Amino acid sequence: MGAGLQQSFVSKIAPPHMRGQYFAASSLRFTISRTIAPLSIPMTVWIGYNWTFFILFILALFSAALYWLMFYSLEKKSLKWGSS
């Protein structure tokens, strides 16, 4: 569900000559999640279900805040460029 949104966001903010680098950096989201997902199962044994889900919840909130910050700064720039 998020892949289309992510690609449209990256294509909006990336300069044409650097789109490949921007898309490569945005694919880190999948790389990081492929690392965290297998770790979450042993974490339930090490620290328990409650703490595992709490850590995953904090990571999800951090991700949401990061996306909001990126969209906010993009909107701010587009308003600044539009008024010039």
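The values are calculated or read from the model by the stated rules, or taken from the named source; none is laboratory data. These figures come from a predicted structure and were not determined experimentally. So basically every Cβ, Gly included, is an ideal-geometry build from the backbone, and we count neighbours across all protein chains shown.
Restricting to region 12-26, name every residue that is closer than 18 Å to LEU66 by Cα and surrounded by 13 or more Cβ atoms within 10 Å (Cβ to Cβ).
ILE13, ALA14, TYR22, PHE23, SER26
Using the structure shown, decide if SER26 is modelled with pLDDT of 85 or more and of a type in the set (Ser, Thr, Tyr). The answer is no for SER26.
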